[in-house]
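One structure below.
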Amino acid sequence: MTTTTDIRKRSGRAALRLGFAFVGAMALAACGNLDIVNTNAPTVEELTKDPSSDVLSRAATGIFSQAFNDVGTEIQFYALYGREGYNLLGNDPRETGEQIRGPQDPTGRNSGIWTGQYSAIRTINTYLKALESTSALNASEVNAATGFANTMKAWHIVELAIRTGALGIPLDVDRPINADPAPFVSFSDALQAASDLLDSAYGDLQSGGGAFPFRMAPGYSGFDTPPTFALFNRALAAKVQVWRATFLSCTACWTQAKTALDASFVTDGNLPSSLSIGVFFGYSDASGEPTNPVSEPTSSNHLWVHPSIVSGAQLRANGEPDLRLTEKVMDVGRTRDLNDLSSSYKPILFNNKSDPTQADLGAPIPWITNEELLLLRAEVRWNTSDKSGAIGDLDLIREYSGGLEPTTLTAASPDADFITELLYNRLYSLLWTQGTRWIDARRYNRLDQLPVDRPGDSVFDNMIVPANECAARRLAAPCSPLGT
């Protein structure tokens with residue numbers, strides 16, 4: 001259904017470049033200068049005065065482009081926090097200091113993964129207002145576009161909420177530029193808002209007809225119409241509900257997650273090829289276009305895999321390691337040592353398939369795939385009285401993705417044993433794609449099980465509130481605007 005060739009088609013690339021121009025226009029608008037003339041992108045004024053279908057289409061492309069915001073940063077930062085890997089380039093002491101040992105600096109690396117997400121939300125809010133004022137689209141087209149935009153907005157909210165955790169986030173940010181800063185809401189309220197928005201978007205997509213009124217960006221092959229994009233929406237909704245169930249002890253969320261999963265694209269048919277069905281961040285190696293931010297030659301001293309990833313891999317029946325390790329990690333035959341941290345292993349999952357020592361800047365990064373959905377389904381089934389089904393889903397992943405024998409779990413196994421097996425498979429299936437190890441350790445209260453490599457190093461519960469958000473609220477940084 002979705003292939004690497006599909007994902008990397010050049011169609012739509014010119015539109016993506018226009019999207020980045022639109023983002024630039026929106027950034028200027030955010031600074032208060034609305035008198036913008038940009039022949040390549042719609043201005044705020046164009047979008048709020050009965051915009052044409054062409055203007056709206058270019059604005060939608062801007063939303064696609066901003067979905068790339070912080071993808072590479074999240075992978076690299078969360079790899080450090082969760083000990084999936086290291087940054088041992090040596091040009092910035094924060095990678096082996098602040099981000100692993102602390103203290104967290106609200107003006108340093110811990111100010112990251114924030115502004116880009118809110119910039120994207122601002123763009124989407126303007127687009128949604130434009131949809132309310134346009135006469136260029138019919139009702140079903142407006143519904144389709146609204147469902148698309150709110151799905152993307154909901155995920156930006158989720159990314160922010162997961163970043164900051166119990167410290168909360170500002171949510172009511174669609175305010176005039178001279179208004180007071182939006183109040184912070186709790187982690188629970190933020191995830192609830194995202195979940196509600198995904199549900200609302202799903203309803204709009206269901207009444208959105210058979211096509212979107214704009215060209216889809218690369219990476220959405222197979223999910224490029226309102227009915228098929230709705231499957232993607234339900235996949236994200238299921239993931240949010242599972243996070244609510246585990247982070248926040250929301251018992252009812254397990255049933256809601258099951259309902260969403262049943263309406264998504266999860267399947268146990270046509271394995272193993274169906275594992276890769278999903279939505280991707282479609283990168284390109286063409287000049288001026290977004291390139292894969294974590295693919296690099298093995299000669300680089302930048303990104304390294306934590307040694308515990310290698311030592312923790314289970315063995316196949318032939319004594320060889322889990323296939324997910326051998327396909328994603330390479331022993332490069334040299335050891336990099338920096339500030340008492342060392343590794344001999346590099347991530348190669350996004351490198352050139354014929355020569356994994358070389359980067360592939362056009363390699364797509366998965367957003368959510370069937371492999372992750374099967375793991376989510378295992379988690380949901382275990383918690384909704386279908387433990388044999390949960391074990392069966394884990395065994396599918398073990399066999400078809402890892403080449404491993406079936407798990408020794410039974411329906412009578414303790415919850416803790418199931419969680420251990422689940423998190424093992426999530427780590428190796430989702431390695432270096434979304435910071436899985438850190439997020440999972442947080443939601444299952446297992447941060448104390450992450451490796452601590454040096455005396456005095458820390459494992460953080462979350463990233464902190466950026467200093468400028470504290471200053472805007474007349475609080476000394478680091479701050480807790482909720483009072484937590």
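Given (1) at pLDDT 95 or above; (2) under 30 Å from Ser200 (Cβ atoms), where does Glu84 come up short, assuming only one miss?
Of the numbered conditions (1) at pLDDT 95 or above; (2) under 30 Å from Ser200 (Cβ atoms), the odd one out for Glu84 is (2).
Taking the residues in segment 156-191 that are surrounded by fewer than 19 Cβ atoms within 10 Å (Cβ to Cβ) and among the polar types (S, T, N, Q) as candidates, determine which candidate is farthest from the chain's Cα centre (by Cα).
The residue in question is Asn178.
Tell me which residues, restricted to segment 222-270, are of a type in the set (Ser, Thr, Tyr) and part of a loop (DSSP other than H, G, I, E, B).
Thr225, Ser249, Thr251, Ser264, Thr267
Does Ser276 meet the test of being out of contact with any helix residue (DSSP H, G or I) (no Cβ under 9 Å at 6 or more places or on another chain) and of a type in the set (Ser, Thr, Tyr)?
Against the criterion (out of contact with any helix residue (DSSP H, G or I) (no Cβ under 9 Å at 6 or more places or on another chain) and of a type in the set (Ser, Thr, Tyr)), Ser276 does not qualify.
Examine segment 353-364 for a residue that is of a type in the set (A, V, I, L, M) and either under 22 Å from Ile419 (Cα atoms) or in contact with a strand residue (DSSP E or B) (Cβ under 9 Å, 6 or more places away or on another chain) (or both), and state whether such a residue exists.
There is no residue in segment 353-364 that is of a type in the set (A, V, I, L, M) and either under 22 Å from Ile419 (Cα atoms) or in contact with a strand residue (DSSP E or B) (Cβ under 9 Å, 6 or more places away or on another chain) (or both).
Show the residue pairs meeting these rules: Cβ distance below 7 Å; 6+ apart or different chains; first residue within segment 199-218 and in contact (Cβ under 8 Å) with a residue 40 or more places away in the chain; second residue surrounded by fewer than 16 Cβ atoms within 10 Å (Cβ to Cβ) and assigned to a loop (DSSP other than H, G, I, E, B).
These pairs meet every condition: Pro218/Lys9.
Have a look at Phe187, Phe232 and point out the one that is at pLDDT 95 or above and touching a helix residue (DSSP H, G or I) at 6+ places or on another chain (Cβ under 7 Å).
Result: Phe187 is the single residue among Phe187, Phe232 that is at pLDDT 95 or above and touching a helix residue (DSSP H, G or I) at 6+ places or on another chain (Cβ under 7 Å).
Determine which member of the set Asn370, Asn352, Asn339 is in contact with a helix residue (DSSP H, G or I) (Cβ under 9 Å, 6 or more places away or on another chain), at pLDDT 95 or above and surrounded by fewer than 22 Cβ atoms within 10 Å (Cβ to Cβ).
When all the criteria are applied, what remains is Asn339.
Yes or no: segment 406-424 includes at least one residue that is more than 15 Å from Ala378 (Cα to Cα), out of contact with any strand residue (DSSP E or B) (no Cβ under 7 Å at 6 or more places or on another chain), buried (at least 20 other Cβ atoms within 10 Å of the Cβ) and among the aliphatic types (A, V, I, L, M).
Checking segment 406-424: not a single residue is more than 15 Å from Ala378 (Cα to Cα), out of contact with any strand residue (DSSP E or B) (no Cβ under 7 Å at 6 or more places or on another chain), buried (at least 20 other Cβ atoms within 10 Å of the Cβ) and among the aliphatic types (A, V, I, L, M).
Among the helices (runs of 4 or more DSSP H) lying completely within segment 356-461, list those that include at least 2 residues that are closer than 28 Å to Gly222 by Cα, touching a residue at least 12 places away in the same chain (Cβ under 8 Å) and over 23 Å from the mean Cα position of the chain (by Cα).
387-397
Mind checking which helices (runs of 4 or more DSSP H) fall wholly inside segment 70-186 and carry at least 2 residues that are hydrophobic (A, V, I, L, M, F, W, C) and farther than 30 Å from Pro307 by Cβ?
Filter on segment 70-186 gives 115-133, 139-164.
So which pairs qualify, if the first residue must be in segment 320-343 and farther than 25 Å from Leu396 by Cα and among the basic types (Lys, Arg), the second must be modelled with pLDDT of 95 or more and surrounded by fewer than 17 Cβ atoms within 10 Å (Cβ to Cβ), the Cβ gap must be under 8 Å, and the two must be at least 6 apart or on different chains?
Filtered contacts from segment 320-343: Arg334/Ser344; Arg336/Asn301; Arg336/Ser342; Arg336/Ser344.
The values are calculated or read from the model by the stated rules, or taken from the named source; none is laboratory data. Everything quoted here is computed from the prediction, not taken from an experiment. Quick reminder, even Gly has a Cβ in these numbers, built from the backbone with ideal geometry, and neighbours come from all protein chains shown.
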